[in-house]
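Structure first, commentary second.
Computed from the coordinates by the stated procedures, all read-outs in this text should not be read as laboratory data. Remember, predicted model here, so these are calculated numbers, not experimental data. Cβ coordinates were reconstructed from backbone atoms using ideal geometry, including for glycine residues, and neighbour counts include every protein chain displayed.
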Amino acid sequence: MSNPDAVAIDEIRDAVRRVGNEQIESLAREIDRAQEFSPALWRLLCELGVPSLPFSRENGGIRGSYEAYVAAIEEIAWYGAVAGVYSGPTVQVASAIMRYGNEYQKSRWGLDLAMSRTMGAWAFTEPQTGSDPRQIATRAERTVNGWLLTGTKMFISYAAYADVALVFARTGPDSLGAFIVDTSNPGWQPGKPIRMLAFGGQGTCPVALNDLQLPAESLLATEGAGFEIMVSTEAEGKVRAGAICVGIGRRALEESVRYATERTHRGEPIGMKFPTVQALLGEMSAHVEAARVMVQTAARAVDQASPRVKQLAASTRIICSRMAREVTSSALEICGAYGLTQDMIVERLYREGKFYEVGQGVIELQKLIVGKQCLNQYEKFGRIIID
């Protein structure tokens, strides 16, 4: 008997492939070189319904499956990793609002995000915070009519293009709040886009929050719920990042196999002639397959609201980001000097393969998260849970 979920995911992959070669790949190539935001790519992804995949029909979505969403992201990233990133902040903001918001917030902001009608920005990082939310300096002060936010955010993707942002600000010495911001607010002031080694073209920039005045209903959940909202929703983002890494790894493997088949040495393809090339390809394939299973496992945990999501998400980031770096490096070894040229996509894949060991929470922090979870589990249950 066929698995209906598997059929649905195959249909999603097929839909991406139908526009991948002619549209996604060419747009991603242009974005990488120009490092400019592409409205055309965003519209294409919305037409495909990609930002809507994680949400149920009742919440404005079309699938209600995070597993289906990351399957689409993996396929999109095969054509262009930057394209796999475009829907990320919108999905995170929508997910936070749908999970923690009241009915007004869901209908006012959440539905349009989940229906791919508007774009979201995730405003957490600051110049001094890095991956540590406890260092957030942006302040939220109560006013007669609501809240006043003051501070500076850093590395905010789509800041100048998003319709709504979720901004994290300190509501007290030991409390963090999450605030829904209409980006047409004059207090939301994006700066100049930052040029990046990889994944440019997201309009990533600093944002000044200059006396940003907000109504009371902008606060998501409670004054102290920001940390929980950030951690739980960022966990989903780590799984998405893992899917992007798998897309990068798959493409690097395929390009390497193609080169090893077409490149000859004294009339014989190097892939058939040299065991060293075969060994590299075998190791690359094994790492990609393992990372893909990790992403699927973590995505199912998200769909099931498993208590292990945070641990699995951090583990996914560890496994997948390392895989992307190692597999793209091996691709360069196989393709040699040609792989270093911009005539081959391997050059771009190599730059992208390093990104997630640094971006969206450095890999060392992910190791600490998993390690602490292991110690907590052993203390509580007397064993490590891997069910």
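Observations on the model:
- By the count of other C-beta atoms within 10 Å, a proxy for reagent exposure, ARG266, ARG99, ARG33 are ordered fewest to most as ARG266, ARG33, ARG99.
- Against the main long axis of the alpha-carbon atoms of the chain, helix 66-79 sits at an angle near 50°.
- Value of relative contact order over region 120-224, rounded to a whole percent, pairs C-alpha under 8 Å and six or more apart: 31
- Note on THR150 and GLN377: the model spin-label points, each 7 Å out from Cα along the C-beta direction, lie 4.6 nm apart.
- With a Förster radius of 30 Å applied to the beta-carbon distance between ARG43 and GLU254, the computed FRET efficiency rounds to 0.60.
- Angle between the chain longest axis and helix 226-262 axis [Cα atoms, degrees, rounded to 10]: 20
- Extension reserve of the ARG57-LYS367 stretch, reckoned as 0.36 nm per residue once the Cα distance is removed: 108.0 nm
- DSSP beta bridge pairing in the chain, given as percent antiparallel to the nearest 5: 85
- Under 20 Å of direct C-alpha separation, and excluding same-chain neighbours fewer than eight residues apart, LYS153 reaches these lysines: LYS192.
- Angle in degrees between helix 25-34 and the longest Cα principal axis of the chain, rounded to the nearest 10: 70
- Straight Cα distances below 14 angstrom link LYS273 to the aspartates and glutamates GLU262, with same-chain residues fewer than 8 positions distant left out.
- For the chain, the fraction of alpha-carbon pairs in successive 10 Å shells from zero, as %: 5, 23, 32, 25, 11, 3, 1, 0, 0
- Spin-label model distance (nm) - ALA8 vs THR297, 7 Å beyond Cα toward Cβ: 2.3
- Distance between region 303-372 and region 204-273 - C-alpha centres, whole angstrom: 9
- Alpha carbon centroid spacing (whole Å) that separates region 26-92 from region 150-200: 20
- Residue order, fewest to most surrounding Cβ atoms within 10 angstrom, among TYR338, TYR79, TYR356: TYR338, TYR79, TYR356
- Note on the chain: helix-only mean residue ellipticity at 222 nm, from DSSP H runs of 4+ residues weighted -39500 (n - 2.57) and normalised by residue number, equals -17000 deg cm²/dmol.
- Normalised convex hull volume, region 75-218, alpha-carbon set, Å³ per residue: 116
- Region 194-326: relative contact order in percent, alpha carbon pairs under 8 Å with at least 6 residues between: 30
- Difference of contour (0.36 nm per residue) and Cα-Cα distance, ARG117 to ARG17: 33.7 nm
- Remark: the VAL358-ARG142 segment gains 74.2 nm on full extension, using 0.36 nm per residue and subtracting the alpha carbon distance.
- Put in line by how crowded their Cβ is, counting other Cβ atoms within 10 Å and starting with the fewest, VAL93, VAL85 read VAL85, VAL93.
- Within region 15-46, backbone nitrogen closer than 16 Å to the virtual label 7 Å beyond the Cα of GLN342 toward Cβ: 26-36
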